[in-house]
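A short worksheet on the structure shown next.
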Amino acid sequence: MPSPVLIENEQFGEALVGALTSMVPGESFSTVLDATPPAEALLTFAPRVEVLDRAVEMGVRWVHVLATGVDRIPLDRLRECVVTCSRGASAVPIAEFVLATMLAFEKQLPQSWLHEPPEQWNIAALGGLKGRTLGLVGLGAIGQEVAKRALAFDMQVVAVRRHSGPSPLDGVSMIDSLPALLETSDHVVLAAPATPETRHLFSTAQFAAMKPTAHFVNVSRGSLVDQDALIAALDAGQLAMASLDTVEPEPLPAGHPLFVHPKVRLSAHISWSSPDSMSRTLELFVENLRRFRAGEPLDGIVDLDAGY
């Protein structure tokens, strides 16, 4: 039998051992603290540095992250390892969540729901998605799934990303610069990776470049947004609303102004959730484990220098 696959997850470690043991009968799985050397692979979410170092000392040469983003992983300690992530595993539910936020903005939900007789019946000034321009910042797995759904609603879709090149999707137009995207977009969706280079990618200048009627959505990481600048821009009317599924820090402390701001729709980093989210994530890992044992190229490889 090959060496055990190590699992590091304080909250779900034992549950993952049980689930994976039933999914891959020929493999053995153990939490890092219970294992003895040698070991070749580590499955983790956001490991403590000392536990990660111990896993490397035990011989781990492949680390798989149970998330799309790897900004919580000390990648500098893994230079001798191949690192993969669960890229794409949550793209569909996140894209659905983004469409829900855009529809809620246009259709004025939940404020359109009634709890008492309104002043007027059968009259409203609701918006729609047809003909609106969606600006995507990032066009990876999540951005592409958002684009597919937006195109189905007859939206105009434009995108900007770090690397130049043709659009991977018909109907999506690539934009040369972020300011050019912001000045034309009715909905701006942030779906770029968190790296040192993208920290506060959205700050005072970016919010000032947006339409005053625009809706901003962040399903990336809170570190990409200067939240003080966002609040100031909302207060100044430089954009109409922000839907934030990710913030900094997480969780936000009690009393934070984002909880009560009238132009903010805040959720607790739940856009990834769906009935089969965990099964899809584990299936992706299991397929990579098969590839690892067979010596085949792995999916979702992380560029340790780029940070995603």
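Observations on the structure shown:
- Against the list (1) part of a helix (DSSP H, G or I); (2) in contact with a strand residue (DSSP E or B) (Cβ under 8 Å, 6 or more places away or on another chain); (3) closer than 22 Å to Pro297 by Cα, the condition Ala67 fails is (1).
- Pairs are defined by a Cβ separation below 8 Å, a sequence spacing of at least 6 or placement on different chains, a first member in the stretch 47-62 that is within 23 Å of Arg290 (Cβ to Cβ), and a second member that is among the aromatic types (Phe, Trp, Tyr); the pairs so defined are Trp62/Phe292.
- Tally, over the stretch 87-118, of residues that are charged (D, E, K, R), free of Cβ contacts under 8 Å to residues at least 40 places away in the same chain and either in contact with an Asp or Glu (Cβ under 8 Å, 6 or more places away or on another chain) or exposed (fewer than 14 other Cβ atoms within 10 Å of the Cβ) (or both): 1
- Every condition in (1) farther than 22 Å from Ala150 by Cβ; (2) touching a residue at least 40 places away in the same chain (Cβ under 8 Å) is met by Asp228 except one, and the failing one is (2).
- Residue count for the stretch 19-32, restricted to those that are exposed (fewer than 12 other Cβ atoms within 10 Å of the Cβ) and either assigned to a helix (DSSP H, G or I) or in contact with a Gly (Cβ under 9 Å, 6 or more places away or on another chain) (or both): 1
- Residues that are within 13 Å of His215 (Cβ to Cβ) and either of a type outside the set (Val, Ile, Thr) or assigned to a loop (DSSP other than H, G, I, E, B) (or both), drawn from the stretch 101-113: Met102, Leu103, Ala104, Phe105, Glu106, Lys107, Gln108, Leu109
- Wholly enclosed helices (runs of 4 or more DSSP H) of the stretch 196-308 bearing at least 3 residues more than 21 Å from the chain's Cα centre (by Cα) and buried (at least 21 other Cβ atoms within 10 Å of the Cβ): none
- Val260 vs. criteria of a type in the set (Val, Ile, Thr) and in contact with a helix residue (DSSP H, G or I) (Cβ under 8 Å, 6 or more places away or on another chain): no
- The lone exception for Val98 - which of (1) under 24 Å from Met241 (Cβ atoms); (2) over 13 Å from the mean Cα position of the chain (by Cα); (3) hydrophobic (A, V, I, L, M, F, W, C) it fails: (2)
- Filter result (surrounded by 15 or more Cβ atoms within 10 Å (Cβ to Cβ) and in a loop (DSSP other than H, G, I, E, B)) within the stretch 170-195: Ile175, Ser185, Asp186, Ala191, Ala192, Pro193, Ala194, Thr195
- So Glu116, is it assigned to a helix (DSSP H, G or I) and at negative phi: no
- Within the stretch 20-46, the only residue that satisfies the criterion of being small (Gly, Ala, Ser) and touching a residue at least 40 places away in the same chain (Cβ under 8 Å) is Ala41.
- Qualifying residues in the stretch 145-164 (those that are assigned to a loop (DSSP other than H, G, I, E, B) and closer than 28 Å to Glu197 by Cα) - the one modelled with the highest pLDDT: Arg161
The values are calculated or read from the model by the stated rules, or taken from the named source; none is laboratory data. Being a predicted model, the structure only gives us computed values, none of them experimental. Here Cβ is always computed from backbone atoms with ideal geometry, including for glycine, and neighbour counts include all displayed protein chains.
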